[in-house]
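The values are calculated or read from the model by the stated rules, or taken from the named source; none is laboratory data. Only a predicted model underlies this, so the values are computations on that prediction, with no experimental measurement involved. Positions of Cβ are generated from backbone atoms using ideal geometry, with glycine treated the same way; all protein chains shown enter the neighbour counts.
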């Protein structure tokens with residue numbers, strides 16, 4: 001998308017990380033943001049749903065916030081995510097807290113360019129792909145990036161964090 005700029009896109013540009021920005025029409029009535037991205041982009045870009053990742057903000061039992069990035073079709077294992085951060089437990093963060101802390105709105109939260117870099121875990125399945133997609137920081141906007149670049153720029157750990 002020519003001219004689109006978000007903090008996430010700026011991080012990639014400044015780091016000279018190869019990336020592509022893809023846009024799709026977001027339905028403002030939709031609350032199923034990940035599924036909307038999959039429906040709009042998977043066939044168009046020739047990727048499978050498991051290459052499109054969602055960004056979830058967690059509250060750890062230690063009181064701090066963290067980020068989990070996992071394939072859209074999968075469900076997060078809170079227990080596995082907590083273990084990845086060395087915390088006893090994790091829960092989904094409240095919407096207002098997630099938005100305030102990251103600077104993004106729900107459905108457009110990117111693992112990149114957040115107001116404050118939060119500890120991040122990326123599901124280990126990302127390493128199977130040469131390219132993955134994640135939010136570019138706005139609903140209807142996705143970034144295609146190499147998993148190694150996303151891991152490096154978010155200072156993420158990788159771990160299996162999906163259920164099953």
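Considering only residues in the stretch 63-98 that are free of Cβ contacts under 8 Å to residues at least 40 places away in the same chain and part of a helix (DSSP H, G or I), the one that is surrounded by the fewest Cβ atoms within 10 Å (Cβ to Cβ) turns out to be 96. Taken over the stretch 83-101, the criterion of being touching a strand residue (DSSP E or B) at 6+ places or on another chain (Cβ under 6 Å) and either at pLDDT below 95 or within 9 Å of residue 58 (Cα to Cα) (or both) is satisfied by 90, 91, 93, 98.
Without any contact (Cβ under 8 Å) to a residue 60 or more places away in the chain and not in a loop (DSSP other than H, G, I, E, B) - does that describe any residue in the stretch 153-163? Among the residues of the stretch 153-163, at least one is without any contact (Cβ under 8 Å) to a residue 60 or more places away in the chain and not in a loop (DSSP other than H, G, I, E, B), which makes the answer yes. When we screen 45, 127 for residues that are in contact with a strand residue (DSSP E or B) (Cβ under 7 Å, 6 or more places away or on another chain), within 24 Å of residue 22 (Cβ to Cβ), at pLDDT below 95 and surrounded by fewer than 22 Cβ atoms within 10 Å (Cβ to Cβ), the only hit is 45.
Within the stretch 99-116, the set of residues being assigned to a loop (DSSP other than H, G, I, E, B) and surrounded by fewer than 19 Cβ atoms within 10 Å (Cβ to Cβ) comprises 103, 105, 106, 115, 116. Among the residues making up the stretch 130-139, a single one is in contact with a strand residue (DSSP E or B) (Cβ under 6 Å, 6 or more places away or on another chain) and outside any strand (DSSP E or B): 131. Of 2, 39, all but one fail to be at pLDDT below 95, assigned to a helix (DSSP H, G or I), at negative phi and surrounded by fewer than 19 Cβ atoms within 10 Å (Cβ to Cβ); the exception is 39.
Using the structure shown, decide if residue 146 is at pLDDT 95 or above and buried (at least 21 other Cβ atoms within 10 Å of the Cβ). No; evaluated as a whole, the condition is false for this residue. A count restricted to the stretch 13-32 and to residues that are part of a loop (DSSP other than H, G, I, E, B), at pLDDT 90 or above and in contact with a helix residue (DSSP H, G or I) (Cβ under 8 Å, 6 or more places away or on another chain) stands at 3. Taken together, the criteria place residue 65 among residues that are farther than 20 Å from residue 136 by Cβ and touching a helix residue (DSSP H, G or I) at 6+ places or on another chain (Cβ under 7 Å).
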